[in-house]
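The values are calculated or read from the model by the stated rules, or taken from the named source; none is laboratory data. Please read all numbers here as calculations on a predicted model, not as lab measurements. Methodologically, a virtual Cβ is constructed for each residue, glycine included, from the backbone with ideal geometry; neighbour enumeration extends over all protein chains shown.
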Amino acid sequence: MASSKEYLDFILEQLSELEEITYRAMMGEYIIYYRGKIVGGIYDDRLLVKPVKSAISLMPNAIYELPYEGAKEMLLVDDVDSKEFLTRLFSVMYEELPAPKKKR
């Protein structure tokens, strides 16, 4: 099942206080970038983020889910209704995220 543009728009609105939030559509899903780094994505209308230490500490009871078959597990963000929480989550995760790979 592909994710809806409406859900993407909702998440982008929740993150509107952060600058440089971008996304890329990929096979019916959406990869979410913060300041050029991949934070996570929207898969089957679920917001999933990379399981970095800061995300795990902010969401100690988060469920690990597969974005798609064959992928690495990611953390399911349960509290998408809180703009404040999502802004804080993305902000604290940024330093731990790997730098984008250089294109050849």
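Key figures
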{"quantity": "Any hit, the stretch 18-33, residues being at negative phi, touching a helix residue (DSSP H, G or I) at 6+ places or on another chain (Cβ under 6 Å) and assigned to a strand (DSSP E or B)", "calculated": "yes"}
{"quantity": "Tyr68 being over 19 Å from Pro98 (Cα atoms) and at pLDDT below 95", "calculated": "yes"}
{"quantity": "Selection count where residues are within 24 Å of Asp44 (Cβ to Cβ) and either touching a helix residue (DSSP H, G or I) at 6+ places or on another chain (Cβ under 6 Å) or not aromatic (Phe, Trp, Tyr) (or both), scope the stretch 57-104", "calculated": "29"}
{"quantity": "When residues of the stretch 1-28 are limited to those that are touching a residue at least 60 places away in the same chain (Cβ under 8 Å) and under 14 Å from Asp45 (Cα atoms), the one surrounded by the fewest Cβ atoms within 10 Å (Cβ to Cβ)", "calculated": "Phe10"}
{"quantity": "When residues of the stretch 60-71 are limited to those that are assigned to a loop (DSSP other than H, G, I, E, B) and in contact with a Leu (Cβ under 8 Å, 6 or more places away or on another chain), the one farthest from Ala2 (Cα to Cα)", "calculated": "Ala62"}
{"quantity": "Qualifying residue in the stretch 77-85 (condition: buried (at least 19 other Cβ atoms within 10 Å of the Cβ), in a loop (DSSP other than H, G, I, E, B) and within 10 Å of the chain's Cα centre (by Cα))", "calculated": "yes"}
{"quantity": "Subset of the stretch 38-56 [under 17 Å from Ala2 (Cβ atoms), assigned to a loop (DSSP other than H, G, I, E, B) and within 12 Å of the chain's Cα centre (by Cα)]", "calculated": "Asp45"}
{"quantity": "Residues of the stretch 86-104 that turn out to be surrounded by fewer than 12 Cβ atoms within 10 Å (Cβ to Cβ) and of a type outside the set (D, E, K, R), as a count", "calculated": "3"}
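Listed here are the residues, each with its yes/no results for (1) under 20 Å from Ile21 (Cα atoms); (2) among the small types (Gly, Ala, Ser); (3) touching a residue at least 12 places away in the same chain (Cβ under 8 Å).
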| site | (1), (2), (3) |
| --- | --- |
| Ala55 | yes, yes, yes |
| Leu66 | no, no, no |
| Glu69 | no, no, no |
| Val77 | yes, no, yes |
| Met93 | yes, no, yes |
| Pro100 | yes, no, yes |
